[in-house]
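One structure is given below, encoded as structure tokens.
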Amino acid sequence: MMTEKKQIMSNDLGRGFNLHKKEYEEKAIEILRSGWYVLGKEVEAFEQEWAAHCGSRYCVALNSGLDALILAFRALGIGEGDEVIVQGNTYIASVMGITINGASPIFVEPDEHYSIDADKIEEKITKRTKAILVVHLYGIPARMDKVTAICQKYGLRLVEDCAQSHGTTYGTKMTGTFGDIGCFSFYPSKNLGAFGDGGAIITENGKVASDIRMFRNYGSKKRYQNEVIGVNSRLDEMQAGLLRVKLKHLEKLTQERERIAERYLNEIHNDAIILPMPRTGPGDRTVWHQFVIRCKKRKALIDHLMTRGIGTLIHYPIPPHLSEAYSYLGHCKGFLPITEDYADTVCSIPIFNGMTETEQSKVIDAINIFEK
Ligand SMILES: *Cc1c(COP(=O)(O)O)cnc(C)c1O
């Protein structure tokens, strides 16, 4: 019997751990006793299993999602003087993956599904445009038919930020497999979350895979022979092993998120709230990394939920183009009105593995009695 706490946190990672506690603990002890801790059998097995799960040829495990993005653009030779198109409403790491390589982000507004508005991409393409970075934000797939057609038409590279879309499909094809490289994060709160930092890229391109494999280990393929100046972005055995345990359960865990989201979509009725819109084409699947509602009176809504013991988060309150880190780009408020409106009104309500039905009902009831 699960003991109900009074507080419903916006996310509760301990619940997810408890669902398969014994398996995680056994794997952890096995790895502690193995005497091998960084880049080993577990990492190799995880790379194979994750590539197979995604339907991709190669997977290279890395230390974080940001590293996956940084090394993806580096492997594609994108840097100084190049432009990369990206949606305005994303986590800042997407943009850092571009700018750390010296390239410039060109922002495009999102559509009503929170992904890049594919109809607004072409007007931003210049001679310098080298790539599009698509973010499947909150676990909702972007319009990949249109995006891939644009990439083909203009000869652009395509990178996918799948940090929030483990298992998301667009027309039955997994996100991460539409373009040159798919980038994943396994940060603990992600749908496939480790118990520390982790990331990976997937690709069909053997050269890209072997280059990124070299970058992650000081630019070395053979020990003490360094071909380029690399980084240390190795995944450790503990994270890889624990990810393998979670991966076995990922489908079930995703279905649990889908059931919670289904209840929210069916049972939240309040004119002051805009519910998220998953894509509903044949084969499309949203994995509900976050369940993001919008409300013009967001502050009042958050306070209302808080007094009822319900935690919320904002993903994300400051869009990258208005953050201090990117002040050098010279973008002012009003530059991306839709992105900025989303930043002012979005609110993520609790959705996590191990959330009880009673807790879900409490969230629904509390939102339904919120008055404008
Ligand atoms: C989490 C996240 C990242 C970064 O992943 P880390 O593993 O934290 O470096 C990048 N992009 C998006 C959209 C994310 O949500």
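Given the conditions (1) in contact (Cβ under 8 Å) with a residue 60 or more places away in the chain; (2) in contact with a helix residue (DSSP H, G or I) (Cβ under 8 Å, 6 or more places away or on another chain); (3) more than 15 Å from the ligand (Cβ to nearest atom); (4) open to solvent by 30 Å² or more (accessible area, probe 1.4 Å), and given that Lys146 satisfies all but one, which numbered condition is not satisfied?
Answer for Lys146: the failing condition is (1).
Name the residues in the range 197-208 that are more than 9 Å from the ligand (Cβ to nearest atom), crowded, with 17+ Cβ neighbours inside 10 Å and not hydrophobic (A, V, I, L, M, F, W, C), would you?
Within the range 197-208, just Thr203 meets the criteria.
Mind checking which residues of the range 60-77 are out of contact with any helix residue (DSSP H, G or I) (no Cβ under 8 Å at 6 or more places or on another chain) and more than 10 Å from the ligand (Cβ to nearest atom)?
Result: Gly77, single match.
Being away from the ligand (no atom under 15 Å from the Cβ) and either open to solvent by less than 30 Å² (accessible area, probe 1.4 Å) or not assigned by TED's automatic domain parsing to the domain that holds Glu80 (or both), is that true of even one residue in the range 180-196?
No.
Met9 passes all but one of (1) assigned by TED's automatic domain parsing to the domain that holds Gly193; (2) under 26 Å from the mean Cα position of the chain (by Cα); which number fails?
Unmet condition: (1).
Exactly one of these conditions fails for Glu256: (1) open to solvent by 20 Å² or more (accessible area, probe 1.4 Å); (2) assigned by TED's automatic domain parsing to the domain that holds Phe186; (3) charged (D, E, K, R). Give me its number.
Glu256 satisfies every listed condition except (2).
Any residue at all in the range 316-324 that is in contact (Cβ under 8 Å) with a residue 40 or more places away in the chain and more than 30 Å from Gly171 (Cβ to Cβ)?
The answer is yes, given that some residue of the range 316-324 is in contact (Cβ under 8 Å) with a residue 40 or more places away in the chain and more than 30 Å from Gly171 (Cβ to Cβ).
When residues of the range 255-282 are filtered for being in a loop (DSSP other than H, G, I, E, B) and not hydroxyl-bearing (Ser, Thr, Tyr), how many remain?
Summing the residues that are in a loop (DSSP other than H, G, I, E, B) and not hydroxyl-bearing (Ser, Thr, Tyr) in the range 255-282 gives 13.
Taking the range 322-372 as the search range and keeping residues that are within 24 Å of Gln164 (Cα to Cα) and of a type in the set (Phe, Trp, Tyr), which one is surrounded by the fewest Cβ atoms within 10 Å (Cβ to Cβ)?
Step by step, filter the range 322-372, then rank; the result is Tyr326.
For the range 1-110, give me every one of the strands (runs of 3 or more DSSP E) that falls completely inside it and has 2 or more residues that are free of Cβ contacts under 8 Å to residues at least 60 places away in the same chain.
Filter on the range 1-110 gives 83-87, 104-108.
The values are calculated or read from the model by the stated rules, or taken from the named source; none is laboratory data. The structure presented is a predicted model; accordingly, all values stated were derived computationally and were not measured. Backbone-built Cβ (ideal geometry, glycine too); neighbour counts: all protein chains shown. Side chains included, ligands, DNA and RNA excluded: accessible areas come from the protein's heavy atoms. Shrake-Rupley method; radii C 1.70, N 1.55, O 1.52, S 1.80 Å.
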